[in-house]
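Participant: Before I ask anything, let me first share the structure, which is written out below as structure tokens.
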Amino acid sequence: MATSYDATTTASELADHLSADIKGKVVLTTGPSPASIGATFVESIARGLPVLIILAGRSMTKLQQTAGAIAQAQPDVKVRLLHLDLGSLASVREAAKELASWEDVPRIDVLVNNAGIMGTKFALSPEGVESQFATNHLGHFLFTNLIIGKILKSESPRVVNVSSDGHRLSPIRWADYNFQEGETYNKWLAYGQSKTANMLMAVSLAEKLGSRGLLAFSLHPGVIISTSLSVGLDNMDEDFAALKALDRMLGNAEGWRDFSVKTNQQGAATTVYAAFDPGLKGRNGAYLQDCHVADPWTDTVKPWGTDKVEAERLWKLSEKLVGQEFNY
């Protein structure tokens with residue numbers, strides 16, 4: 001069945017195909033704002049009747065809107081909200097503490113680290129880390145590790161990191177992840193670094209916890225112009241022109257191609273695939289695209305996003321930046 005999935009497959013189609021794998025699961029998703037890929041994901045999998053969907057994000061109002069959409073379509077699916085600001089490690093710790101107190105939710109079957117920001121102006125997190133790296137990676141790194149106990153109580157635990165083929169723009173800038181405190185900042189290089197981090201974190205989780213049954217994947221959802229992710233861009237035409245120019249300067253083939261745009265349904269499909277497809281069990285740590293394991297020969301997969309040494313190096317840097325070690 002999986003061989004028939006491609007870039008045009010929709011999240012709803014996959015949810016129907018994988019309904020037996022979705023039913024009864026507890027699924028936590030970060031950043032499911034209305035009209036986003038995350039919202040499309042949770043609204044689609046609700047068709048498969050998970051036992052609980054947990055929506056985590058900064059705006060409780062937006063989360064409530066997504067919860068309302070799920071309730072209207074699938075009134076039997078329970079939904080709970082969790083306040084989580086990934087840009088603040090203090091908020092991440094509070095969210096993890098609250099989740100730990102939910103005694104009626106002893107396990108998390110699937111964690112989807114979906115939330116993210118893109119192409120934002122230079123800013124530092126409260127802890128002094130460049131905001132895209134802090135929000136897209138560090139917040140998810142800390143949150144995942146703080147709630148890993150509940151994840152590992154699942155019979156088939158999975159962690160899914162929504163990355164991007166934008167990882168092609170930059171490896172981890174080990175000596176200068178903060179761009180000289182903004183002096184040399186490029187919003188697209190910073191975005192690329194954060195998306196590379198999403199991939200490497202999945203590699204590390206697979207390496208460290210695969211023996212305990214955890215499956216971890218990262219993925220490129222596709223280019224979705226309608227998503228709320230692009231709200232932070234000042235001028236979309238100018239920003240994407242700058243992105244193309246950077247691609248060309250870096251020697252990336254993407255700089256000479258037009259963007260292939262997906263709908264939200266098509267964009268959320270690979271997340272459904274990563275979260276539930278049973279055929280992925282032998283590909284732990286893989287990076288996915290268009291509902292298949294990405295092929296370095298035909299897809300955009302940079303070696304700095306899949307290297308196990310780079311992954312371990314990032315794990316140690318991340319522990320240092322969040323001020324806590326996680327030894328598995």
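The values are calculated or read from the model by the stated rules, or taken from the named source; none is laboratory data. Everything numeric here is computed off the predicted structure, so don't read it as measured data. No Cβ is skipped: glycine too gets one built from the backbone with ideal geometry, and neighbour counts run over all protein chains shown. These area figures cover heavy atoms from the full protein model, side chains too; ligands, DNA and RNA do not enter into them. Shrake-Rupley method; radii C 1.70, N 1.55, O 1.52, S 1.80 Å.
Participant: Taking into account only those residues within the stretch 34-55 that are part of a loop (DSSP other than H, G, I, E, B) and within 19 Å of Asn114 (Cα to Cα), which is most open to solvent (accessible area, probe 1.4 Å)?
Facilitator: Step by step, filter the stretch 34-55, then rank; the result is Ala35.
Participant: If you check Ala202 against the conditions, is it under 30 Å from Lys25 (Cβ atoms) and either open to solvent by 10 Å² or more (accessible area, probe 1.4 Å) or small (Gly, Ala, Ser) (or both)?
Facilitator: So Ala202 passes the test.
Participant: For Thr196, only one of the following conditions fails: (1) open to solvent by less than 10 Å² (accessible area, probe 1.4 Å); (2) farther than 22 Å from Ala268 by Cα. What is its number?
Facilitator: Of everything listed in (1) open to solvent by less than 10 Å² (accessible area, probe 1.4 Å); (2) farther than 22 Å from Ala268 by Cα, Thr196 misses just condition (2).
Participant: Would you be able to say whether some residue in the stretch 3-10 is open to solvent by 10 Å² or more (accessible area, probe 1.4 Å), in a loop (DSSP other than H, G, I, E, B) and of a type in the set (A, V, I, L, M)?
Facilitator: Yes: the stretch 3-10 contains one or more residues that are open to solvent by 10 Å² or more (accessible area, probe 1.4 Å), in a loop (DSSP other than H, G, I, E, B) and of a type in the set (A, V, I, L, M).
Participant: Yes or no: Trp304 in a helix (DSSP H, G or I) and more than 27 Å from Ser154 (Cβ to Cβ)?
Facilitator: yes
Participant: Right, something else. Filter the stretch 311-322 for residues that are in contact (Cβ under 8 Å) with a residue 40 or more places away in the chain and of a type outside the set (Val, Ile, Thr); which is most open to solvent (accessible area, probe 1.4 Å)?
Facilitator: Among them, the one singled out is Arg313.
Participant: Would you mind listing the helices (runs of 4 or more DSSP H) fully within the stretch 59-149 where at least 2 residues are open to solvent by 40 Å² or more (accessible area, probe 1.4 Å) and farther than 29 Å from Ser204 by Cα?
Facilitator: The helices (runs of 4 or more DSSP H) meeting that bar are 60-73.
Participant: Quick check on my filter: what residues within the stretch 92-106 are within 23 Å of Ala39 (Cβ to Cβ) and touching a helix residue (DSSP H, G or I) at 6+ places or on another chain (Cβ under 8 Å)?
Facilitator: Val92, Ala95, Ala96, Leu99, Val105
Participant: Just to be sure I understand, how many residues within the stretch 217-252 are in contact with an Asp or Glu (Cβ under 9 Å, 6 or more places away or on another chain), modelled with pLDDT of 65 or more and among the hydrophobic types (A, V, I, L, M, F, W, C)?
Facilitator: 2
Participant: Restricting attention to the stretch 282-290, does a residue exist that is modelled with pLDDT of 95 or more, part of a helix (DSSP H, G or I) and touching a strand residue (DSSP E or B) at 6+ places or on another chain (Cβ under 8 Å)?
Facilitator: No, there is no match, as no residue in the stretch 282-290 is modelled with pLDDT of 95 or more, part of a helix (DSSP H, G or I) and touching a strand residue (DSSP E or B) at 6+ places or on another chain (Cβ under 8 Å).
Participant: When you check Gly31 against the structure, is it on the phi > 0 side of the Ramachandran plot, surrounded by 24 or more Cβ atoms within 10 Å (Cβ to Cβ) and modelled with pLDDT of 95 or more, yes or no?
Facilitator: Answer is yes for this residue.
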